[in-house]
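Since every read-out is calculated from the coordinates, none of them should be taken as a lab result. Quick caveat, the model's predicted, so the values are computed rather than measured. Virtual Cβ from ideal backbone geometry, glycine too; neighbours counted across all protein chains shown.
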Amino acid sequence: MIRKLSDLEPGQKAVVDSFASNDIFLKLMEMGCVPGEELMVEMRAPLGDPISVLVAGYHLSLRISEAEQIMVKPVD
């Protein structure tokens with residue numbers, strides 16, 4: 001089941017599937033967020049924005065609006 005990265009809870013792992021918008025595609029690809037890459041939501045800020053994600057061996061902080069553009073397949 002494909003979901004938005006923004007819908008995942010801290011501790012959940014997923015694999016990047018695609019991007020909902022081409023506007024952010026290049027920026028995310030340069031940060032290692034490429035289709036097929038596994039990531040894990042580490043934590044959310046107290047008010048929910050931004051979120052911290054572990055991807056390609058480093059920590060990435062994303063705004064919720066950016067995380068909504070990343071479509072992922074959760075890993076059980």
Work out the length of the dipole vector of the chain about its Cα centre, built from +1 on the beta-carbon of each Lys and Arg and -1 on the beta-carbon of each Asp and Glu, and round it to the nearest 20 debye.
40 debye
In the calculated pair distance distribution of the stretch 3-75, what percentage of Cα-Cα distances lie above 21 Å?
11 percent
Check each of the chymotrypsin sites (Phe, Trp or Tyr not before Pro) in the chain and keep only those in coil by DSSP with at most 14 other C-beta atoms within 10 angstrom; list them in order.
none
Placing +1 at every Lys and Arg Cβ and -1 at every Asp and Glu Cβ, with all other atoms neutral, what dipole size does the stretch 36-76 have around its Cα centre, in debye to the nearest 20?
80 debye
Estimated [θ] at 222 nm from DSSP helical runs (n ≥ 4, -39500 (n - 2.57)) normalised by residues in the chain, nearest 500
-2500 deg cm²/dmol
Relative contact order [Cα under 8 Å, 6+ residues apart], the stretch 28-76, whole percent:
26 percent
